[in-house]
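Below is one structure, written out as structure tokens, with a few remarks after it.
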Amino acid sequence: MCGIIGYIGKDKCIPKIIHGLEALEYRGYDSAGISYILNNKVKTIKSEGKIANLKKLVTFDENAYLGIGHTRWATHGKANKTNAHPHTVGKFTIVHNGIIENYSEIKEKLIKEGYKFKSETDTEVACALFDYLHKNEKDILKVLKKATSILRGSYAFGIICSDDPNSLYTIRNTSPLIIATDKTGNFIASDVPAILKFTNKYILLDDLEIAKLEKDNITIYDKNLQKVKKTINTFSQSFESATKNGYEHFMLKEIYEQDEVYNNTINYYFDGTIESLENSFKYLNEFEKFDIVACGSAYHTGLVGKYLLENYANIPVNVEVASEYRYKKCFYDTKTLVILVSQSGETADTLAALRKAKEDGIKTLAIVNVVGSSIAREADYVIYIKAGCEIAVATTKAYLAQVAIFSLITTYSSYKNKQIKNDELKSLLEEIKSLANKIKETINNYKTYFSIADKIYKNKQIFFIGRGIDYAISMEASLKLKEISYINSVAYQAGELKHGTISLIEKNTPVIAIATDKNLIEKTISNIKEVKARGANVILVSNTDFKDKFYDEFIKTINVHPILESIITIIPLQLLAYQVAKNNECNIDKPRNLAKSVTVE
Ligand code: F6R
């Protein structure tokens, strides 16, 4: 999703801004641009496509010390140079992340006031609004405050006004924005990686706060324009954590990090004893049911969570996609805990679902990766997964860590609700502690998965089937495959295929069948035989050996306690998706049209 970087200081701004834009590339974008002040005038350069195109157009050592840059992920209007940011109207030049919902009505009014628009964007309208308000109010802070009472929607703006060429302004509502400082000057950015080369100290801006950055000063105001003091945070991970470190792709590196991520996440809440789980999660006992709300892969972890919590802890769970949940009638009450799952902690729909629950007086828990993100800050309870920086657009290690958290809370709740015998609990606790070795072993078996990928990568569609928790894993495996390889892939409950979809199965159609749930394996085998009889090329993923060979390829996974099984099962499927995409020469880390952090609804 759109990325913002801005700099004001003693150093030339263009190299810093271009570096920041490159560090934000992982968020996904389709055009880029930069504006800077040169001899008291604003100069803007924009280009369609990659930052490499923009780099060809800029002169790196211009004597410019204040500038803003942007990577745009198209929402209003095509991905072209005209719609690319920054936009200039009158005295204002801005970059924007988010969506202005009422931009059409504002645009109509501004057209009547004589404004003309070049682009199709909501951003140009916001820029014109700033300029219009500035005609009667010279104090830029007051202009921005007034604009917030007019603009509806989500936004983080980087703003330059030609009347004040020594200041960089910023304001946010819902969309993420940080402010940072190094020994040469001050930055704004939508994300930490953008500034990590220069500094690891940053300030989080809250909704409707306005900041004015000068060369050697940062002043932050609340929505009433009262000065506020902010905490300076330190980003504790190294710059290397945001680089490929020798791997061909971030996605591969992140898959390989999963044993370590698992340990970091688990060890934060669990020392091997049930008492540590009690200390970490006792607040869960106040609730009788959970609503898990999330988007994409995070939603898929919720499906795994539902299966685990219902089956092993006897807790009813409702899982919903956030973009639906935020607008639907909810039947929650004070005994419901709404659990928001999000890697970025900034996903607009998930954040809106959280706010809706809070407004209705329902308690919320965030399972989040990015420390200090909006969802983490606003939820009543937070469980941080310790996945570190996840750069590849397709999530892997954050997914695994989220599932690990659901395994942990299921273990705790199953003990608390007396659903597990003492002996089983004892061995489960030991298995949780040592699972990282099995994760590593599963990753190291990559050659098996790659050789199967080599056989199926040319197919136009690939199906996934499974029952129960294996269906939840199928959903994620299918998303992983299609989002990075562009091969059409759908996941079905194994028993549902014959109600229509089976008509798509023909000779050699790959069907990846997941069968790890011992209670359902027999049933899944019957469904596998149905597709096999129609010519499917069946790839079976299972923790069980079978006498009959009713499949074509077999991925044998390690047998672990069912509460932990899904953590292991997803790994071969991540690596298979990776290799299929690689064979198809796809842009694995930045698949087309996708964004890492989806900050618009
Ligand atoms: C898929 C993927 C997305 C995200 C979704 C939610 O690989 O990464 O489906 O899971 O956009 O993002 P977060 O977890 O940041 O809320």
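The values are calculated or read from the model by the stated rules, or taken from the named source; none is laboratory data. Note that the structure is predicted; figures quoted are calculated from it, not measured. With ideal geometry, Cβ positions are generated from the backbone for all residues, glycine too; neighbour counts draw on all protein chains shown. Note: accessible area is taken over every heavy atom of the protein model, side chains too, but ligands, DNA and RNA are not part of it. Shrake-Rupley method; radii C 1.70, N 1.55, O 1.52, S 1.80 Å.
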Can you confirm whether GLU260 is without any contact (Cβ under 8 Å) to a residue 24 or more places away in the chain, in a helix (DSSP H, G or I) and out of contact with any Phe, Trp or Tyr (no Cβ under 9 Å at 6 or more places or on another chain)?
no
Out of all the residues in the range 452-486, which are within 15 Å of the ligand (Cβ to nearest atom) and among the aliphatic types (A, V, I, L, M)?
ALA472, ILE473, MET475, ALA477, LEU479, LEU481, ILE484
Out of (1) open to solvent by less than 20 Å² (accessible area, probe 1.4 Å); (2) more than 9 Å from the ligand (Cβ to nearest atom), the one TYR399 does not meet is (2)
With respect to TYR247, is the statement that it is open to solvent by 40 Å² or more (accessible area, probe 1.4 Å), within 15 Å of the ligand (Cβ to nearest atom) and closer than 22 Å to ILE484 by Cα true?
no
Tell me whether the range 552-564 contains one or more residues that are assigned by TED's automatic domain parsing to the domain that holds SER451, over 29 Å from GLY305 (Cβ atoms) and not β-branched (Val, Ile, Thr).
yes
Which condition breaks for TYR256 when tested against (1) in the same structural domain as HIS87 (by TED's automatic domain parsing); (2) closer than 30 Å to LYS440 by Cα?
(1)
Which members of the range 354-378 meet the condition of being within 14 Å of the ligand (Cβ to nearest atom) and β-branched (Val, Ile, Thr)?
ILE367, VAL368, VAL370, VAL371, ILE375
For the range 283-298, give me each residue that is closer than 14 Å to ALA313 by Cα, more than 26 Å from the chain's Cα centre (by Cα) and in a helix (DSSP H, G or I).
ASN285
Based on this model, can you work out whether THR501 counts as in contact (Cβ under 8 Å) with a residue 24 or more places away in the chain and surrounded by fewer than 22 Cβ atoms within 10 Å (Cβ to Cβ)?
yes
Residue pairs, Cβ under 8 Å, 6 or more apart or interchain, first in the range 347-371 and more than 23 Å from SER280 (Cβ to Cβ), second among the basic types (Lys, Arg). List them.
ASP349/ARG326; ALA352/ARG326; ALA353/ARG326; LYS356/ARG326
Selected residue (criterion: farthest from the chain's Cα centre (by Cα)) from residues of the range 321-348 that are open to solvent by less than 10 Å² (accessible area, probe 1.4 Å) and away from the ligand (no atom under 11 Å from the Cβ)
THR336
Complete set of residues in the range 300-320 that are surrounded by fewer than 24 Cβ atoms within 10 Å (Cβ to Cβ) and within 16 Å of the ligand (Cβ to nearest atom):
LEU303, VAL319, GLU320
Out of all the residues in the range 349-368, which are open to solvent by 10 Å² or more (accessible area, probe 1.4 Å) and outside any loop (DSSP other than H, G, I, E, B)?
ASP349, ALA352, ARG355, LYS356, LYS358, GLU359, LYS363
Among the residues of the range 186-196, is any assigned to a strand (DSSP E or B) and free of Cβ contacts under 8 Å to residues at least 12 places away in the same chain?
no
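Among LYS118, LYS109, LYS138, which is the only one that is assigned to a helix (DSSP H, G or I) and either in the same structural domain as LEU177 (by TED's automatic domain parsing) or open to solvent by 60 Å² or more (accessible area, probe 1.4 Å) (or both)? Show your work before the answer.
Working: LYS118 fails: assigned to a helix (DSSP H, G or I); LYS138 fails: assigned to a helix (DSSP H, G or I).
Exactly one residue qualifies, and that residue is LYS109.
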Of all residues in the range 384-395 being more than 8 Å from the ligand (Cβ to nearest atom) and β-branched (Val, Ile, Thr), which is surrounded by the fewest Cβ atoms within 10 Å (Cβ to Cβ)?
ILE391
